[in-house]
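The values are calculated or read from the model by the stated rules, or taken from the named source; none is laboratory data. This one's a predicted model, so the numbers in the text were calculated from it and none came from an experiment. Here the Cβ positions follow ideal geometry from the backbone for every residue, glycine too, while neighbour counts run over all protein chains shown.
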Amino acid sequence: MENPIQAYFEQYPEFPYNPAEETMAQFWQLCSRKGWVRDTDERDEALGDIRDAIAQQFNAFYGSDAEDLNGWHSLYRALRITEVPDSVPGCKALISTVHVNICDLVDYSLGGQHMAPVLHDSQEELAEYSRESGKIYPRENAYAGGLLRFLLREIFGTYQGRRREGASGRRGRGGRGGRRGRAGRQRQ
């Protein structure tokens, strides 16, 4: 069965995609071979496309319905978390304490990584790992719904805990500085 990540790489038949290797490492190799440099439309479009494929693959594995208890249990099995709540609200609450790189989780689920993805001890540790490895998944991705959105974490900027949009009637600190700060933030 073909997966969205494999379909992405099949657009480039000259590139030797290997599903047993890390997706993002191969993407960066593809960029190098194609001569796609940072901050160009071509590279930005390709990066958006591979991130779409990662989200679609995640959704294929775990589902896109955040109210589906079976999807949550599948996700927790992949994360090797054994004490799993028996309710959707419980699963949602527990996942806020889990810090895992989405790219690593999808690669593991594809069978490319033999070891389960690392569960980082803190938000900051995950952010540092994600920045250093180039495995960053943006919160703005159209396919990041359902269960996937519960794994998104602050990667750039200062983590200030889970904030609910509209909880205080405004976002950020307002003004031009707040707008600039939000635009530069991504979540993993």
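Can you name the residue in region 81-98 that is among the polar types (S, T, N, Q) and free of Cβ contacts under 8 Å to residues at least 12 places away in the same chain and is also surrounded by the fewest Cβ atoms within 10 Å (Cβ to Cβ) among such residues?
Checked region 81-98; the qualifying residue surrounded by the fewest Cβ atoms within 10 Å (Cβ to Cβ) is 82.
Can you tell me which residue among 17, 12, 76, 8 is surrounded by 14 or more Cβ atoms within 10 Å (Cβ to Cβ), free of Cβ contacts under 8 Å to residues at least 60 places away in the same chain and part of a loop (DSSP other than H, G, I, E, B)?
Working: 12 fails: surrounded by 14 or more Cβ atoms within 10 Å (Cβ to Cβ); 76 fails: part of a loop (DSSP other than H, G, I, E, B); 8 fails: part of a loop (DSSP other than H, G, I, E, B).
The match here is 17.
In the list 106, 37, which residue meets the criterion of being modelled with pLDDT under 95 and either within 14 Å of residue 151 (Cβ to Cβ) or of a type in the set (Asp, Glu) (or both)? Talk me through it step by step, then tell me what you get.
Values: 37 fails: either within 14 Å of residue 151 (Cβ to Cβ) or of a type in the set (Asp, Glu) (or both).
Step by step, each of 106, 37 is checked, and only 106 is modelled with pLDDT under 95 and either within 14 Å of residue 151 (Cβ to Cβ) or of a type in the set (Asp, Glu) (or both).
Being touching a helix residue (DSSP H, G or I) at 6+ places or on another chain (Cβ under 7 Å) and within 16 Å of residue 138 (Cα to Cα) is the filter here; which residues of region 28-45 pass it? It would help to see each step written out before you state the result.
Keep residues of region 28-45 that are touching a helix residue (DSSP H, G or I) at 6+ places or on another chain (Cβ under 7 Å), which gives 31, 36-37, 43.
Matches in region 28-45: 43 only.
For region 125-150, give me the residue count where each residue is among the acidic types (Asp, Glu), more than 25 Å from residue 19 (Cα to Cα) and part of a helix (DSSP H, G or I).
Result for region 125-150: 2.
Residues 63, 71, 35, 48: which one is loosely packed, with under 13 Cβ neighbours inside 10 Å and not β-branched (Val, Ile, Thr)?
Values: 63 fails: loosely packed, with under 13 Cβ neighbours inside 10 Å; 71 fails: loosely packed, with under 13 Cβ neighbours inside 10 Å; 48 fails: loosely packed, with under 13 Cβ neighbours inside 10 Å.
Exactly one residue qualifies, and that residue is 35.
Name the residue that is farthest from residue 154 (Cα to Cα), counting only residues in region 79-124 that are part of a helix (DSSP H, G or I) and of a type in the set (Val, Ile, Thr). Outline the logic, then answer.
Just the residues of region 79-124 that are part of a helix (DSSP H, G or I), to begin with: 88-95, 102-110, 123-124.
Keeping just the survivors that are of a type in the set (Val, Ile, Thr) gives 88, 95, 102, 106.
Working: 88: 23, 95: 15, 102: 13, 106: 19 Å.
Among them, the one singled out is 88.
Is at least one residue of region 166-184 basic (Lys, Arg) and at pLDDT 50 or above?
no
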